[in-house]
C-alpha cells in the first residue's frame, strides 16, 4: 500500500517532467499534486496515510537543501562579484512580499489568517516556527509557503523575461528570495548557476523575513 | 552513498547548531552554509558530493509533491476565504519577485529589452559591471 503510492507519485511526476516543454516548465509539480489528490479521493485514502507513504520523498528535502552548497560553491566567484546587489535585491524582495501580504490581509479582510500568511516568503522550515510564534495555524502556514513557491515558479522566469530581465543572477535571486524552495527548484531547472544564487537568496530571505516578522510575535 | 552520508552529516551538524542559536534558522540552511564553507576551504573534496548533490537537486521538485498534496485539503477547508487567502499570497509573491529581479538586474538603467540577449549568453555576468 505504502510502496504503491510512493511509486505512483514518482512515476507520475517523472512522466510529467519528461513531457514538459519550455512553455510548460514548472507545471509538473502542481499537476501531479492535483492528480494525486484526485486519486486519493477516488480510492478513499486519508491524506495522513499518503503523507506517511511518501515520507521517503519528504525526507530528501533536507539533504537536497544542504546539497545547494555544491552549485553555490561552483558559482561563488560570479555571485561574490555582485554581492551587494544580491543582498539589496533579497532584502527588497522579502520586504515587499511581507509588507504587501500584511497590507492585503487587512485590506481583503483575511482576519486572523494574517498570522498564518505573513511569513509565507520564508522557506517552510523557517516559516512554520514564525507562524507558530505569531499565533497562526501551522497547516495554513505550510499551504501559504507552498502556494508562494508555486506562484513564483510558474510566473517567475516568463514574467521576468517579459520585463526585460533575462540576467540569470537576477532571475535566480528573484525566484529564491520570493518563492523559496519550489522557486529554487525551478531556478535549478533553468540552469545550475541560476539555482546556485536562488538557494543562497532563499536562505538570506528566510533571515530577512524572520527579522521583519518576529516583532509581531505574541 | 558517500554523498548521502556527507549531506546527512551536515544536516545533523546544522541541527546541532540550530539548537544553539536563539533564532529560528533551520538545520538544513545551516547545513548548506557549513557545507559551502567546507567545500570552499577544501576540507571536503567536491568530488565526494558533486554527483549525489546534482542528482538530488535535479529531483528537488519531486520531493515537494507530498507537501503540495497535503496542502490541497487544508486550502479547500477554508471554504469562502480560500480565494482571498490565495490572492494575498499570489499578489504579494509576484510583487516581491519582480522587485527582487528588478533591483538585481540594476534598476531602470539596465532593465531594457535590448540588453537582454547579451546578458542571457553570459551566465551570472551581465549587467552591473
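For this structure, a couple of remarks:
- In segment B:33-59, the qualifying residues are those that are under 24 Å from residue A:56 (Cα atoms) and surrounded by 22 or more Cβ atoms within 10 Å (Cβ to Cβ), and the one that is farthest from the chain's Cα centre (by Cα) is B:49.
- Residue A:64 vs. criteria closer than 17 Å to residue B:29 by Cβ, free of Cβ contacts under 8 Å to residues at least 40 places away in the same chain and facing chain B (nearest Cβ under 7 Å): yes
- Residue check, residue B:49 touching a residue at least 24 places away in the same chain (Cβ under 8 Å), within 7 Å of another protein chain (Cβ to nearest Cβ) and not in a loop (DSSP other than H, G, I, E, B): yes
- Members of segment A:82-107 that are within 7 Å of another protein chain (Cβ to nearest Cβ) and surrounded by fewer than 23 Cβ atoms within 10 Å (Cβ to Cβ): A:85, A:88, A:92, A:100, A:104
- Options A:52, A:48; residue that is in contact (Cβ under 8 Å) with a residue 40 or more places away in the chain and out of contact with any strand residue (DSSP E or B) (no Cβ under 6 Å at 6 or more places or on another chain): A:52
- Test: residue in segment B:10-28 that is at the interface with chain A (Cβ under 7 Å from one of its Cβ atoms), touching a residue at least 40 places away in the same chain (Cβ under 8 Å) and more than 16 Å from the chain's Cα centre (by Cα): no
- Residues within segment B:9-22 that are touching a helix residue (DSSP H, G or I) at 6+ places or on another chain (Cβ under 6 Å) and surrounded by fewer than 21 Cβ atoms within 10 Å (Cβ to Cβ), tallied: 4
Residue-by-condition table, conditions (1) part of a helix (DSSP H, G or I); (2) within 19 Å of residue A:188 (Cα to Cα); (3) under 21 Å from the mean Cα position of the chain (by Cα):
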{"site": "B:61", "(1), (2), (3)": "yes, yes, yes"}
{"site": "B:69", "(1), (2), (3)": "yes, no, yes"}
{"site": "B:80", "(1), (2), (3)": "yes, no, no"}
{"site": "B:85", "(1), (2), (3)": "yes, no, no"}
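- Of all residues making up segment B:34-45, the number that are more than 7 Å from chain A (Cβ to nearest Cβ) and on the phi < 0 side of the Ramachandran plot: 7
- Pick from segment A:25-56, criterion under 16 Å from the mean Cα position of the chain (by Cα) and within 7 Å of chain B (Cβ to nearest Cβ), ranking: surrounded by the most Cβ atoms within 10 Å (Cβ to Cβ): A:29
Read the figures in this text as sums done on the coordinates, not as results from a lab. Keep in mind it's a predicted model, so treat the numbers as computed, not measured. Positions of Cβ are generated from backbone atoms using ideal geometry, with glycine treated the same way; all protein chains shown enter the neighbour counts.
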